[in-house]
Amino acid sequence: MEGHAEGGTHIDWKAAGWEELAPRAGRIRLPGWDATAGLVAGSGAALLIDTGSSLREGAGLHADVRRLLGAHTRVTHVVLTHPHFDHVLGTAVFAGAETYGAGGPDTVSAWRRDGLYEDAVRHGLPADRAAEATDVLVTPRHRVTGERTLDLGGGLRVLLANLGPAHSGHDLAVLVPGSPGLVFCGDLVEESGEPQAGPDAAPGRWPAALDRLLALGGEDALYVPGHGSVVNAAFVRAQRTALEARSGVS
């Protein structure tokens with residue numbers, strides 16, 4: 001299917017190095033950590049899902065949005081699927097955008113500058129890039145505690161759903177309706193490697209979070225993982241079973 005921006009203009013996802021997922025939605029797999037960034041284009045609004053691991057990656061995404069949607073279209077909404085450095089440190093590039101993240105206990109600790117800096121450097125981000133990004137760290141203005149709908153115009157409404165804690169203490173998924181529907185999963189689902197459970201994970205609650213994710217998207221949806229190729233419901237179900245066995249929860 002061909003994508004179209006505001007006013008029916010064709011979105012040439014491929015020319016910009018992006019993968020078209022639906023007529024008004026696409027994603028890119030960023031280098032380094034293979035993290036997904038997603039874009040959903042409405043009428044007069046654009047939603048970016050995750051912003052990369054640095055201000056440099058954020059600037060690259062900003063340039064891509066202009067290339068894809070036109071110089072006069074800006075990102076109006078940013079959804080941060082979870083507070084890990086490779087998904088959030090480019091956010092400051094998108095000044096003026098409304099930012100959304102998962103609410104819940106201990107959100108202040110989850111977004112600590114020093115914690116994100118240390119995690120980024122430990123995983124190989126140069127210290128100067130980690131410092132410049134965390135010095136201007138943008139945290140979510142809007143904390144989603146259940147579900148929230150965003151109207152992007154042109155009849156396009158996307159649903160944000162707080163499904164954590166699971167991979168992290170604060171996991172937010174994004175449902176883009178369509179035939180099929182499209183679910184941006186953050187790191188609730190990973191395809192290019194085994195699901196990673198760091199110190200902020202809740203392994204015992206992860207399988208139930210994937211049950212809720214499957215209920216959100218349904219059997220026919222496309223599921224976009226935080227890392228790796230787009231998968232189907234059967235893949236998510238198999239990952240759920242593996243996580244259940246690993247955690248010993250049934």
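Summary of computed values
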| quantity | calculated |
| --- | --- |
| Dipole of the stretch 40-112 [Lys/Arg +1, Asp/Glu -1 at C-beta], most positive-end residue of P105, T76, A63 | A63 |
| DSSP beta bridge pairing in the chain, given as percent antiparallel to the nearest 5 | 65 percent |
| Sequence-distant residues sharing a close amide H with V189 (under 5 Å, placed H) | G226 |
| Rounded to whole Å, sorted largest first: equivalent-ellipsoid semi-axes of the chain, Cα gyration tensor | 26, 22, 16 |
| Dipole moment magnitude, nearest 20 debye, the stretch 32-140 about Cα centre, only Lys, Arg, Asp, Glu C-beta charged | 340 debye |
| Per-residue ³J(HN,Hα) for the stretch 189-200, Karplus 6.51 cos²θ - 1.76 cosθ + 1.60, θ = phi - 60°, Hz, x for Gly and Pro | 10, 10, 10, 8, x, 5, x, 9, 10, x, x, 9 |
| Karplus 3J(HN,Hα) series, Hz, for the stretch 207-214 with 6.51 cos²θ - 1.76 cosθ + 1.60 (x for Gly, Pro) | x, 5, 5, 6, 4, 5, 4, 5 |
| Hydrodynamic radius of the stretch 156-250 per Kirkwood, over alpha carbon pairs, in Å | 13.0 Å |
| Magnitude of the charge dipole, the chain, Cβ model with Lys/Arg +1 and Asp/Glu -1, debye to 20 | 340 debye |
| Heavy-atom accessible surface of the chain: percent carbon and sulfur, 1.4 Å | 50 percent |
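The values are calculated or read from the model by the stated rules, or taken from the named source; none is laboratory data. On a predicted model such as this, the values are computed, not experimentally measured, just so you know. Every residue, glycine as well, gets a Cβ built from its backbone with ideal geometry; the counts of neighbours run over all protein chains shown. These accessible areas exclude ligands, DNA and RNA; they are computed on the full protein's heavy atoms, side chains included. Shrake-Rupley method; radii C 1.70, N 1.55, O 1.52, S 1.80 Å.
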